[in-house]
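The values are calculated or read from the model by the stated rules, or taken from the named source; none is laboratory data. Everything numeric in this text was worked out from a predicted model, so none of it was measured. Cβ placement follows ideal geometry from the backbone for every residue including glycine, while neighbour counts extend to all protein chains displayed.
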Amino acid sequence: MGRPAAIGGAPLLANGFRPFFLGAALWLGAASWFWAAAPLAPMPEELADPRWHARELLFGGIGGILAGFLLTAVPNWTRRLPVRGRPLLALFLPWALARLLAPFPAVAPLAVLVEIGFYAALAGLLWREIIAGRNWRNLPVLVLVTLFALAAPLSRPQWTESPATGEAALPIGLASILLLLALIGGRITPSFTRNWLAKRGERALPAPFGALDRAALAAWAVALAGWLVLPQQASGPMFLVAGTLHLLRLARWRGHRTLGEPLVLVLHLGYLWLGLGALLFGAALWGLGWDAATALHALTMGAIGTMTLAVMTRAALGHSGRPLRADGWTVMIYALVTIATLARLAVPWWGEEARLTAALLWGGAYLLFALRYLPILASPRLPASTRR
C-alpha cells in the first residue's frame, strides 16, 4: 500500500489505530479516575450524574477505540488504502474536541454538534469503503456501527431536551457494542488462536465456524433486542440461553492451549467475560444473584474492557512491526482490567471501597496502555529486517 503519509513524518498519523487508541486510552483512564474522585470533590451536578459517566465511557472512549479499530481493519477487509495524514487528523480532532468539551455543561450544544460531525464522518467513510470494496460480508458490522453512531448524540439530553431519550439511547449504544464484540471477537479469537497453535505444530485447532456459532450470535441478538424492547424480567431467560451458547462456543476454541502466550489468552478471557456476563445479567434480570446494575459490569468492564485492551495491544504491536509477544507491562494491563471487574462485582459486599478500587484499577489499565504503548504508537513501523 506504499509508505505511510503523515504530516511532517508524524507516525501518529500513519494509521488510524495510533491516535485513536492513544486518545481513547487517556480519556477512559481520566474519565474513570474523575468518576472515582466525584464523591470526594465538589463539582457541577451534571458531571456527578452517572449518565455522564456512562455515556462518556461508551460513546467517548469505547467509540474512539471502535474508530481506531475500524480505520485499521476496513482497509484490510477491502484491500483499499487506509486514511492517513491530514484526513486522519481531520477525523481525530472532532472526536478529541468533543471529549475536551464534555466536562463543561455550558458548551454542551457545541459538544453535541462536534460529536455528530465526527460520527457522521466516520460512518460515511466506512460505508464508502465497504461499498467501494464490495465487502458485503461486513455489512452487519457497518449497520451496528451506524446504530451506535446514531445513538451517540441522542444520549445527550441537551440535544433532544428529553432525558427519556437519552436513557434509551445508552442501552442501544451498549447493545450495538456487545453484538459487535460477539461478531468480531468471535472471528479474531479462534483465528489468532489457530495461527498461534499451528506455528507450534499443534494438530488440534479451534473448531471452524458452524451451526453453534450461528446459534450463539442469533441468540445474542435476540437477547439484546429483547432487553431493549421487553420488560426486563422477560429478557432474563434470553440472556441465560445466549450466555450458555457463548460459553459452549468458546470451549471449542482451544483456549486452554494458549496459556503460554498472554496476547492470545486474553482474547479468550474477554470472550469468557461475555459468556459469564450474559449469564450473570440474565440471572439478575430474573431476580437471581446480583442486582442488574452490578451484573451489567461483567459485560461492560469485563467483556468490553478486556477485549478492547486485547485488541489494542495486539494491533499496536502487529501493525507497527513489533513481535507479537506480551511483555510484563502488557500482562499487568490485562491483570488490572480483570481485578477491576472482580472488584466491581464485589460492590454488594464491600461497598464504596470496592467501587472506588474498581474505577481506579480499570482506568489505570488504560492509562498504563497509554504509557507503555506511546513509544510504539509514536514511532515508525519497524522494517522487516529489524524484527525478531
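Would you call residue 247 under 20 Å from residue 182 (Cβ atoms) and either surrounded by fewer than 21 Cβ atoms within 10 Å (Cβ to Cβ) or at pLDDT 95 or above (or both)? Give the derivation first.
Details: under 20 Å from residue 182 (Cβ atoms): yes; either surrounded by fewer than 21 Cβ atoms within 10 Å (Cβ to Cβ) or at pLDDT 95 or above (or both): yes.
Yes; evaluated as a whole, the condition is true for this residue.
Here is a list: 320, 379. Which entry is in contact with a Lys or Arg (Cβ under 7 Å, 6 or more places away or on another chain) and either closer than 20 Å to residue 192 by Cβ or hydroxyl-bearing (Ser, Thr, Tyr) (or both)? Working first, answer last.
Values: 379 fails: in contact with a Lys or Arg (Cβ under 7 Å, 6 or more places away or on another chain).
Only one candidate qualifies: 320.
Only residues that are out of contact with any Phe, Trp or Tyr (no Cβ under 9 Å at 6 or more places or on another chain) and closer than 17 Å to residue 174 by Cα: list them for segment 278-296, please. Spell out how you get there, then give the answer.
Within segment 278-296, the first condition is being out of contact with any Phe, Trp or Tyr (no Cβ under 9 Å at 6 or more places or on another chain), and the residues that meet it are 287-289, 291, 293-294.
Within segment 278-296, 293, 294 qualify.
Within segment 255-274, the set of residues being more than 19 Å from the chain's Cα centre (by Cα) and buried (at least 20 other Cβ atoms within 10 Å of the Cβ) comprises 255, 258. Based on this model, can you work out whether residue 73 counts as among the small types (Gly, Ala, Ser), assigned to a helix (DSSP H, G or I), closer than 21 Å to residue 315 by Cβ and within 18 Å of the chain's Cα centre (by Cα)? For residue 73, the condition - among the small types (Gly, Ala, Ser), assigned to a helix (DSSP H, G or I), closer than 21 Å to residue 315 by Cβ and within 18 Å of the chain's Cα centre (by Cα) - is met. Only a single item in (1) modelled with pLDDT under 95; (2) under 30 Å from residue 187 (Cβ atoms); (3) not small (Gly, Ala, Ser) is not met by residue 50, and it is number (2). Applying the criterion of at least 3 residues that are in contact with a His (Cβ under 8 Å, 6 or more places away or on another chain) to the helices (runs of 4 or more DSSP H) found wholly in segment 147-266 leaves 163-199.
Let's see how each residue does on (1) closer than 16 Å to residue 262 by Cα; (2) touching a residue at least 24 places away in the same chain (Cβ under 8 Å); (3) in a helix (DSSP H, G or I):
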| position | (1), (2), (3) |
| --- | --- |
| 279 | no, yes, yes |
| 283 | no, yes, yes |
| 300 | no, yes, yes |
| 308 | yes, yes, yes |
| 312 | yes, yes, yes |
| 321 | no, yes, no |
| 333 | yes, yes, yes |
| 338 | yes, yes, yes |
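The set of residues in segment 1-24 that are among the hydrophobic types (A, V, I, L, M, F, W, C), out of contact with any Ser or Thr (no Cβ under 7 Å at 6 or more places or on another chain) and at pLDDT 50 or above comprises 10, 12, 13, 14, 20, 21, 22, 24.
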